Every structure is written in structure tokens, then in C-alpha cells.
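J.: So that we are looking at the same thing, I have put the structure below in C-alpha cells.
The values are calculated or read from the model by the stated rules, or taken from the named source; none is laboratory data. Please read these numbers as outputs of a predicted model, since none were measured by experiment. Cβ: placed from backbone, ideal geometry, glycine included. Neighbour counts: every protein chain shown.
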There are 2 protein chains.
Amino acid sequence: MSKVRVVIENISPQVDCGRFPAKRVIGESVCVEADVFADGHDAVAAVVLYRHESAAEWQAVPMVALGNDRWQGRFIVKLLGKYLFTVSGWVDHLESWRRGLVKKAEAGLATDLDLQQGAAIARAMAERAPEVDARRLREWANAIADFARDREERIALAQSEELQELARKHVDPEIVLRHAPAYEVFVDREKARFSTWYEMFPRSAASRPGSHGTFKDVVALLPYVASMGFDVLYLPPIHPIGLTERKGPNNITKASENDPGSPWAIGGAEGGHKSIHPELGTMEDFRHLIAEAGELGIEIALDIAFQTTPDHPYVKEHPEWYLKRPDGTIQYAENPPKKYQDIYPFHFETDAWKALWKELRNVVDFWIATGVRIFRVDNPHTKPFAFWEWLITEVHRTHPDVIFLAEAFTRPKVMYRLAKGGFTQSYNYFPWRNTKRELVEYFTELSKPPVSEFFRANLWPNTPDILTEYLQFGGRPAFMVRLVLAATLGASYGIYGPAFELLENRPREPGSEEYLDSEKYQTRRWDRDRADSLQEIIARINRIRRENAPLQSDRGLIFHPTDNESLIAYSKTSGEAGDSILAVVNLDPHHAQSGWVTVDLETLGLPAEGNFQVHDLLSGARFLWRGARNYVSLDPGHSPAHVFRIRRRVRTERDFDYFM
Amino acid sequence: MSKVRVVIENISPQVDCGRFPAKRVIGESVCVEADVFADGHDAVAAVVLYRHESAAEWQAVPMVALGNDRWQGRFIVKLLGKYLFTVSGWVDHLESWRRGLVKKAEAGLATDLDLQQGAAIARAMAERAPEVDARRLREWANAIADFARDREERIALAQSEELQELARKHVDPEIVLRHAPAYEVFVDREKARFSTWYEMFPRSAASRPGSHGTFKDVVALLPYVASMGFDVLYLPPIHPIGLTERKGPNNITKASENDPGSPWAIGGAEGGHKSIHPELGTMEDFRHLIAEAGELGIEIALDIAFQTTPDHPYVKEHPEWYLKRPDGTIQYAENPPKKYQDIYPFHFETDAWKALWKELRNVVDFWIATGVRIFRVDNPHTKPFAFWEWLITEVHRTHPDVIFLAEAFTRPKVMYRLAKGGFTQSYNYFPWRNTKRELVEYFTELSKPPVSEFFRANLWPNTPDILTEYLQFGGRPAFMVRLVLAATLGASYGIYGPAFELLENRPREPGSEEYLDSEKYQTRRWDRDRADSLQEIIARINRIRRENAPLQSDRGLIFHPTDNESLIAYSKTSGEAGDSILAVVNLDPHHAQSGWVTVDLETLGLPAEGNFQVHDLLSGARFLWRGARNYVSLDPGHSPAHVFRIRRRVRTERDFDYFM
């Protein structure tokens, strides 16, 4: 119950009724919208109120009416971490009066009494205003109510911008509604939105045949990685590996003596999650690697895999963190009827869960202290959502620049929940979306609210766990197709190399997505100088990404119709009136495909009539296109894709054809 | 932070994140859905918890998995007023263990240790259970862990329904998540969903020419109203009418002495909102009218118009409830440049707003005390939303059977907000939705969540304020078309009579939606016995509504394609496996139209192949249709519509043709 007459509804952005923050990166704008209206015919006004969590004061931005009672206002996020925002609105009596006065004046019906009413509203405001403003409001009221002055002149005075401004500052607080609760936006650094990942196994980095690769070997390979244009180098777990039940090549149950085991089987006599596998080097070597990579613009990303082997120090030190079976042994991982005796999962329902959570946080803090700011989290969906939300929130409190990539290949709602709970980026179904229909459906879902507000996809054509059928059977063109799709559909993407650029496509057995002789269980040697390596094309596409802002964000993705199911066309446009990238990809790795693409000229900022040039940044070729429908032919043996840059035409140039 | 691993998201029904209740009528079920899942592979379980606000105890209904992590449970609302519900979920360890055991057993890998694990889970539950249940759980645990018994038999024991039941009752509270907040459902009586309204001006009810109609005259007309099948008789305001600035016939500015004025110009020397216009009769007459109507199954609905004339007693008694202008006069109603000097709106921003709200509530309470349970609220959108929400909530606290119909013809969000805030039914855009496309779009919006959860449309082809162009120019067929549409698209509908059944279609002037010689400003005499009266067809269609459950609800509305823009086809089906009503209407009142209707056979419960009979309840005719596509021809001069009853075919009778 109150005097408040305005209502505020349906504020966006919001995720699950404000339960989770929306996500932005630094420098982006938050476009806030809300339904704002009141009873009757009176005018309403609204502002967006916002502040960084560290600021005491709220900032106000006026909102403008979009029609149909929808209002909009924007603010730019300039600091990392959490912002809060809400909407405040009120019935704007001075504006209502002004509008009525204008209508009456136009009808020749404005009276002195009408003017006196405006003066009365201003005088009431003056009583709430500090002296400077109060004086201006009273001066204005006196002028407008001054019978000695010309009435037309006084009506004109009512239109004063300054007056409206003053009025907005001194609204009667009793009639103002401030929407509760406030909503949250979490602001990451730019890399959260735009990042280019390369995964490699350090133990396979050795230059000398037969030896175990080291961090020093990785340093030697940094120029190779940098030459391809990657800015994140992600390493599988670098910790000591357990011996008990260690798996051998191709995941056979019993390893032989020289088998190195899986890096995800963490923990041995040499230590656990805060130790380094001795064969990789020392902590100093690791710090050196971080520094050397940094020189080349590359960040090192570490793997967080919260599970242990039976040999992990935790097993002895904290048996209470594991589930004990009736026979007193510790419960190993199971997905019945499969058993994983080499892995002990943590028991998150233990009575000692607080200590467990704290220690796992210590692990993350430990690596942050060494300089790591990016973590790829292994199977987060097998640990409680509440745990991750707490962990990430705690880490971000002191280190809002830390990026967490969720490796959860599971059911859609589970993946989305992890992203809502704080994961910066997420693996996703891209590896298994191969047809035009699948790609259009999935990326349309990802690029629209609500998903786009909290889920940032990181697109991987392959991983050490995923060698898709498409790659197994499509040859080099298939690798190129998936590379172009990943790099242009996703502002963040990554490859597991050198398996990817060297076209590794042999499965462990038919029907399997596991690699034959997978690096997960053995070291491999790679011939990085192979003539058919994709190294060069990867370098080219990553340069295109760096040079073209539209590819650095997943906003502004639009699909354009084609008349051939094997041809997919989509564009990305950055901001208002920006240039666009238009990709046309032949999804069939076996045959040349051709057809007509119907581009949405308005989205691309092109005129409805006339010619325009499209510039294929992949091949360097230029084509003259005319109107919306244009012919495309793509031979996968040559190049399976066009990546066109399209310059937005200035509207006043409509009568000229445009050439870049 | 906690041991809880389950998450609960996206509960439905909910309106604006739970800010407003969803609506149901007594006897309906509330189908609650939620996303429920946990990390890892464990089974989860969930229940709907619900209670009537008057009950202390929560009831639990198990939810079932629909797939894709969506769960569903239902409860029936049996009491008027507010219900609360939420969802509770947990990781179901016994069920997880049981599933794992089954898989292991199938693979021949189940061990005694696996059985002991189940026993351990049951024993832990026994510690939380009261003695009776605890004994059963322990017996079960002992049996399953008894090495002396056959292992197969013990594995079979794990499937016990009783055990699962017991387990659900004694879940460790530390791992249970109960979603907060709880959501609300407001339960109305059945008339909120299904009602048939007739509006008439009592002052035009006189049997003697030239005299002012009275409540007694209305009593005399009740059999006429009842014969047409209406169950709500709505009267415009029955209060004394002001003299100051009274409007004359056709809304001319100055009334002459004998002009009765507008019933909405409330308040004169004889009293205000709690008084009866002396020429209509006494309070006793009014009570008599209510009683007599009740005998015929008709409820009297009163008009709530919260505004006064300058002559209303409030003006002298509570000048503080009005806005004073700088010259000391009271602000009359304005919509610049239009002025309505005969109406003083209340000033809801007055400092005395609490007293004003209280008095307006007294008005409603006063009429409730006389026996009125239905109110049609005039222009609610010109009074604060918060006021209505408070008023309706307060009234419903003691009288949950009271129905409020919102007469807000304004912007969509404003209309929806009033419905969310408590209005039981709402006028809507139906009068101006005439084409197939308009009707399909609008009624699809209204019949789907979120709108269907809070907005109950009441469809009026005409009102004293609305004589649409369609009715002005379409002749008798137009009236029939709009009648059939209103009565079959809307479970609640009404007509303003006898203007409607007597085909009154003369506008005040060309382009106006006002009636010529509107009853709003003068009494009228009507020839109810005219040969072309729609009385009989109205009676028929209202009988069809009473006899066919699908027309008594707006759920289950589906549109079916036709190949003629003038032919609209739609069906309503009640509940699961119920019969359907299929309406086909020719929207062109001037020409016969024919074409093919493609009905959704599955929705109607009809087989894909073979003949079926459709029975036109309007004409009595029967047609033999075959398959989905059937031909229809409708001549507006004869009948512009079919209203078919379609009996759902029992699936096992698929091989027979079905005849009703």
C-alpha cells in the first residue's frame, strides 16, 4: 500500500528471475529493458540504476520509451567483477502537465489556470530541492504564472529542457518505485568472450625420440603455437600420476612398467593436486613456461580434475573425504556395470564436506599464486553445482580475471546450470552438430537470450576424448570444414593438437570416438612438418579472427538461407553499423556443392539494389555480388568455405555501387 | 553451502517469478512441472508440496520424470482461495543403488558387497524413521545382507515397492532441497471460468411507455433473460445520478430537465456509491431482484465505477480525496484537450489515500452484504494497480467467491497487469479482432502460458460503448458470426442487450463506435418480440455451451487450417480423451464462402483413415467426413457457422467407422 502508481515488470537481462548474474566482458554495454507504466494517462519516467559492487553510490541513466510500454537504458561496464542494476520509475507530473498543455494550446484551449498548475508542480519540487535548484524552479514557476507576461511565451517556457532535467532530480520520493531485487551482471576480461585455444600433452613435446616431454620442451614449441595464432595453451593435468590400477595404452586394464598412465589419474607418492609430475620439470620450470608463453601473447591454462587415484596423499590424510564401502574399502568410480578402480571420486556428502571444499579451493588458489588465470575444469557435472558456484564466486571475489572452462558433455540443462553457476566458458555439442539443420538450430539457441546471457560456448572440433565420425571419414576437407565452423561460429574455439592439424583420424576401434594410441595413455611423437599439416590455414583463420571484430563476439550471429542442404551461410556483425563477416561453408567433405545464398541485406547494411563486392579473406578472392541472391560453388578439395568481409554501406551512398 | 546436491529450476505454473498467483477454479488440477537434477549419475526424486493457505500441513505428491530432466506432479484444488505449492527434491541413494545393482546383475557382476551397500543405506534410513518403519527397514536390510539366502532372491528384494515407499519417507533432511519461494495459485469458483453474461439498463425495462424502469420491471424480464440461457445479469451503476453538468441524449453537453443522465455519473443529493437511484426502487427491491434472479439460476452483477459527480456526498465530506486546482476548484476529468466537467476522479496520490482506499473497499463490502458476488469494474486502468491488488486481496480473504471483471480497454501490458493483480475476468480486444489472422493470433496468445495462467477473457461482441464497424455494416449475419465466435471461443462471454439480440446497429455518427440514442444518456424502449430477434439462436448456443464441457473452458483451444481466409476453424477439447467441439465460421457476413478444412485428427481423437460423422449442434445436420481434409460451405444468409460435436473414437475401435 502506498502512493506509488508506476509499475515495473519484466526487466532484462535477467537469468532465472535474478538467481544468477548475466555475463558481460569489460567495455561492453548492458542494455537494460523493462516494462514501465502507470494507471491512467499520465506520463511516466524511468532510469536504470547501477553500480559496481565496490562502489557505494548508484549511477542513474535515463531510459527511453521504445513503444508498447517498453523502456530501455544502457550502461558500460568498466570494471571486472559484479555489477548490480535495477530500474526506478515514477509518474512524471511535470511532463504529464506539459503534454496536456501542448495539446490544449494546439486546440486554443490553454488558460492561465493551466499555467498556474505547472507552476504549482514546480514549486512543490522546489521544496524538496537544495537551494540552487530550488531557486531555478521557483524562478521558472514565477515566470510561468506571471500574468503580465505573454501567454505564448509562458507556454514555450514549459518546454524547457533544463526544467525537465531539474524535475527528474527532485521527484517526490513517495511516488517513486525502485524495483527490488536488483539484478547482477558479472564482468569478465575480454578473453572470456574471445579466445583461441590449443591443447597439447607436454609429455609428447620431447624433441628427442623416446624421452618424456618436459615444460622446457613445451617452451621450445611455443613459437610453433604462436605462429598459428593461439592465445591460450591448455595442458592436461601436470600432477604426479598414480600407479595402482594404472591404465595402459588404449585404456587396457593393466599398464606395463613403462606406461606413463593417464594424466587425469592424479596423485602418487610424489604428491597430488599441488605437485608437479617430476618428469615434466619443476615448479620453476612451470613458472618459466608461463613467462615465456606470456612473451608470445599466450596464456597457460591448467586442468582442474577433482578426483584422485588410490595413491593420492589425500587418501591417507583424509580418508573421510571418500565413501567407505561396507567392507571398509574406498568406493572407486563406477557407472554400472563399468568400474574405474584407478579413480577415487570425492564423496561430497561426507560430514567433512566443509574441509573438502576448502582444500579444493586451496588447490585453485595454489595455481593462481603461480600465475595461472585460466582453468579447464574436468567433468564439473560430477561434482555438486553448489560447490562450483561457491568456489568460483570465492575465487572471483579476489581474482575476477580468472576464467573457468567447463568440460561438461552431458544433458543440456546440466550444462546450462554449470554456466549459470559461474563457469566462464563451456564445452558444448558443437562436435556432434554436423548438418545445416543441426548447426542452425543449436547456434540459434545459443545466440539468443536467455542462453546467450550466461552460456559462452567454446567450440572444439576435437578433444583427446572426441574424435568424431565426421573427422574419421571426411579426410582433410572435414578437418578444414570443422576448423572454419569452429573459428567463425565461435568467438572462442580450440583444437587438440597436434592431432588436429596433423589430421589424426584413426579411432581405437570402429564406432569409437576414442583415438587409437591415445595420448591419454601413452606419449606420442608427432611430425609437425608434414606437408599436409593444417598449420598454415589455422594461422590464416586465426589472423582473420584477430583482424575482424565481428568474429570476436557471439552476438550478432544470423543465419542466411541457402537452397542446398550442404551449404550453410551465416554472418556476424559487431555493434551498430559495423562491418560483417559472412561465412559460406560446404558441409559435405566429399563433393563440390553449389547453390544460391539469400543474404539478409539489411542486417549486412547493404542496399536492396545494385552490386557490392565480397572479399574472401581465406582465399583472397573478390566477387561482385548483386542483390540478395547470389551463387556460390565450393569444392572441398580446394577450399570448403568462403569467409567474406562485407563492408556496411553508408546509407547516403545508396545510389552508388560499393567496392571495398 | 551444504550437502545438498539436487537443483530445482524453472517451476511452472508461475507468473512473473511468483510475484502473482496462477489462477484455477475449484476442482481443476494444478499440473506442476520443474527441472530437477543433480550432479553425476545418481537418481533423483521429487515431490510437489502443496497446501491451502488455511491448512497447516503440506501435502506431498510424487513427481514423475518426463525426460530431459523435467518432472511433473499434479494436485487437485478443492477449496476456494489461495493455495501454496513448491517442489522438493533429493538425490535418491536407495534408488541409485537399486539401478546400479540391476545393471550389475544383468552383467553378472553383482556381489555380496553390492547387497551389503544397499543394506547400509536402509539401516541409515532406519535411524531416522519412527519405530514401525525402522523395524521394516532393518528387517529388509538384514534379509538382503543375509549371506545364507539366495543371492538372486536378495537382488529381487531390492525391487520392493514398499521399500522405495519407505525410503522416500525417511530421506536424510540434510540432502533435501525445498525450493524457495513457494508459488501461489488462486482458486475461484467455477463461474470464474465459465459464465454467460447479459447486460441491460434497468431504466429501459419499464413495461409502460414513457416511464422509468425499476428493479420490479427487471424482475418481470428475468424469464426472458433466463430463456436465452444467461447466468449473469449485469446492471450498469444503480446509484443516484448527478445533476451538475449532466449530459443529455447522445452525450450533448447540456441535459434538459427530463434527461436521466449517465448512470456512470455517480452521486447526487440522494446519495452516492452505497445508495440506490430512487427511481429504480428500494434496497428491498434490489434484494428481491437478487433473490428472484437466483431462482432462475441468474446472478446479479453490479458495476463498480470509482468516480463521482460534483454532487456526490464525498465532495463535501472528503474534499481531500480530490485534486484541488490552484484556483481552489476541484480538478474534473480530462484527457487533453477533452474535458469531462461532470466527472471528478479520485486523487489517489492524496495524503489521505489510506482513508480513500478504505472507503472504496467499504463500497464493495456494502454490496457484498446485500448478496452481490460479481462486480464489473469500470475503467480499472485509471486507478492504481496497487489499489486493486489490495482491494481484491482483502475482499477475497473473507469472500473468495467474489468475481471481478475488469473493463480495461487499453494497452496490452496494462490489461495483463490488472489480471495478474487479481481481476478474475477481463474484457479484451475481441470486439476488434475480425479477420482469421487476427483471431488466430490473439486467441493463441490468450490460450497459452504465461497469459493463460492469469488472464481469463470475457468476450463481448458489443457493449454500450462499443458498436463495432463489423456490426454496423454486416447486418444480421454479422451479429450471428460475432455471437458464435464469442460463445465458442470464450468460455465466458456476454452481450449488451436487448441492443444485441435486436440487431441495433446505428452509430451516433459515421465513424463512431457510439450507439445513436445510446442508453447511456437516455431511456429506450425495445420491441423484444421482433421477428428477426436473435433470441432463439442465442438460447440455442447457450444450451450448447451448457451441454458441452469443452466450451466451458479456454484450455484445449486449437486452430485448424482452412484454405479460405474467410473461413476460420477451431476446436476445444476438455481434459484427456474428452469429446471435442469443432467450430467452423464464415467471417464474411455478406457472401457464402466455401473451402477445405484440414482438421488435426489426433487432437480430436479421430483415426487417420476412415469416415466419421460430425453433428452440427446449431442446425441439427449431420455430415459424414473422411480423413483430415473436408469441404465446408457456409451461407451467412442461412447460417454463418457450424458448431460440430465430435466424439473421440476409442483407439481400439480403430478399424470401425464411428457414428454418433
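J.: With respect to the numbered conditions (1) modelled with pLDDT of 95 or more; (2) more than 27 Å from A:Lys339 (Cα to Cα); (3) among the aliphatic types (A, V, I, L, M), which one is the sole condition not fulfilled by B:Val91?
T.: (2)
J.: With respect to B:Val91, determine if the residue is within 12 Å of chain A (Cβ to nearest Cβ) and either acidic (Asp, Glu) or under 15 Å from B:Ala180 (Cα atoms) (or both).
T.: No, not satisfied.
J.: If B:Gly81 satisfies every condition in (1) exposed (fewer than 15 other Cβ atoms within 10 Å of the Cβ); (2) touching a Pro at 6+ places or on another chain (Cβ under 8 Å); (3) over 20 Å from A:Gly328 (Cβ atoms); (4) not acidic (Asp, Glu) but one, which is the exception?
T.: B:Gly81 satisfies every listed condition except (1).
J.: OK, next. Quick one: would you say A:Arg203 is surrounded by fewer than 19 Cβ atoms within 10 Å (Cβ to Cβ) and in a helix (DSSP H, G or I)?
T.: So A:Arg203 does not fit the description; no.
J.: Could you figure out which of (1) over 30 Å from A:Glu514 (Cα atoms); (2) touching a residue at least 40 places away in the same chain (Cβ under 8 Å); (3) in a loop (DSSP other than H, G, I, E, B) isn't true of A:Pro260?
T.: Checking A:Pro260 against (1) over 30 Å from A:Glu514 (Cα atoms); (2) touching a residue at least 40 places away in the same chain (Cβ under 8 Å); (3) in a loop (DSSP other than H, G, I, E, B), the one that fails is (1).
J.: Then there is this: Criterion first (over 19 Å from B:Thr309 (Cα atoms), among the polar types (S, T, N, Q) and at pLDDT 95 or above) does B:Thr382 satisfy it?
T.: So B:Thr382 does not fit the description; no.
Yes/no per residue for (1) of a type in the set (Asp, Glu); (2) in a strand (DSSP E or B):
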{"residue": "B:Pro449", "(1), (2)": "no, no"}
{"residue": "B:Ser452", "(1), (2)": "no, no"}
{"residue": "B:Asn458", "(1), (2)": "no, yes"}
{"residue": "B:Tyr470", "(1), (2)": "no, no"}
{"residue": "B:Phe473", "(1), (2)": "no, no"}
{"residue": "B:Arg482", "(1), (2)": "no, no"}
{"residue": "B:Ala486", "(1), (2)": "no, no"}
{"residue": "B:Glu504", "(1), (2)": "yes, no"}
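J.: Follow-up. A:Trp71 versus (1) surrounded by fewer than 18 Cβ atoms within 10 Å (Cβ to Cβ); (2) within 28 Å of A:Asp188 (Cα to Cα); (3) among the hydrophobic types (A, V, I, L, M, F, W, C): which is the lone unmet condition?
T.: The single condition A:Trp71 does not satisfy is (1).
J.: I need the full set of residues from the stretch B:52-84 which are acidic (Asp, Glu) and within 14 Å of chain A (Cβ to nearest Cβ), in order please.
T.: Hit for the stretch B:52-84 is B:Asp69, nothing else.
J.: Taking the stretch B:524-548 only, how many residues are crowded, with 18+ Cβ neighbours inside 10 Å and either over 33 Å from the mean Cα position of the chain (by Cα) or of a type in the set (A, V, I, L, M) (or both)?
T.: 5
J.: Output the residues belonging to the stretch B:632-647 that are over 24 Å from B:Gly556 (Cα atoms) and either free of Cβ contacts under 8 Å to residues at least 60 places away in the same chain or outside any strand (DSSP E or B) (or both).
T.: B:Ser633, B:Asp635, B:Pro636, B:Gly637, B:His638, B:Ser639
J.: Next question. For residues that are surrounded by fewer than 22 Cβ atoms within 10 Å (Cβ to Cβ) and closer than 22 Å to A:Glu407 by Cα, scanning just the stretch A:226-235, find the one that is farthest from the chain's Cα centre (by Cα).
T.: A:Tyr234
J.: I'm checking my understanding of the structure. Among residues of the stretch B:10-27 that are of a type in the set (D, E, K, R) and surrounded by fewer than 20 Cβ atoms within 10 Å (Cβ to Cβ), which one is nearest to the other protein chains (Cβ to nearest Cβ)?
T.: Going through the qualifying residues, I end up with B:Asp16.
J.: Give the residues of the stretch B:15-51 that are β-branched (Val, Ile, Thr) and under 27 Å from the mean Cα position of the chain (by Cα), sorted by residue number.
T.: Scanning the stretch B:15-51 gives B:Val15, B:Val25, B:Ile26, B:Val30, B:Val32, B:Val48.
J.: So which pairs qualify, if the first residue must be in the stretch B:275-293 and in contact (Cβ under 8 Å) with a residue 24 or more places away in the chain, the second must be surrounded by fewer than 14 Cβ atoms within 10 Å (Cβ to Cβ), the Cβ gap must be under 8 Å, and the two must be at least 6 apart or on different chains?
T.: Between residues of the stretch B:275-293 that are in contact (Cβ under 8 Å) with a residue 24 or more places away in the chain and residues that are surrounded by fewer than 14 Cβ atoms within 10 Å (Cβ to Cβ), the close pairs are B:Ile276/B:Thr282; B:Ile276/B:Met283.
J.: Among all residue pairs at least 6 apart or on different chains, which show Cβ distances below 6 Å where the first residue, located in the stretch B:565-582, is aromatic (Phe, Trp, Tyr) and the second is crowded, with 22+ Cβ neighbours inside 10 Å and at pLDDT 95 or above?
T.: Qualifying pairs under 6 Å: B:Tyr570/B:Ala583.
J.: Still on this model: Only one of these conditions is not met by B:Leu49: (1) under 29 Å from A:Pro384 (Cβ atoms); (2) within 14 Å of chain A (Cβ to nearest Cβ); (3) at pLDDT 95 or above. Which number is it?
T.: The failed condition is (2).
J.: Next question, about the same structure. Can you tell me which residues in the stretch B:87-119 are surrounded by fewer than 17 Cβ atoms within 10 Å (Cβ to Cβ), hydrophobic (A, V, I, L, M, F, W, C) and more than 52 Å from the chain's Cα centre (by Cα)?
T.: Listed by number, the residues that qualify are B:Ala107, B:Leu109, B:Leu113.
J.: Look through B:Pro181, B:Pro240 and report the one residue that is surrounded by 19 or more Cβ atoms within 10 Å (Cβ to Cβ) and over 20 Å from B:Asp92 (Cβ atoms).
T.: Residue meeting the stated conditions: B:Pro240.
J.: Then there is this: Quick one: which of A:Val440, A:Val451 is within 17 Å of the chain's Cα centre (by Cα), farther than 22 Å from A:Ile537 by Cα and of a type outside the set (S, T, N, Q)?
T.: It is A:Val451.
J.: For the stretch A:190-217, which positions are under 30 Å from A:Asn548 (Cβ atoms) and touching a Pro at 6+ places or on another chain (Cβ under 8 Å)?
T.: Hits for the stretch A:190-217 are A:Glu199, A:Met200.
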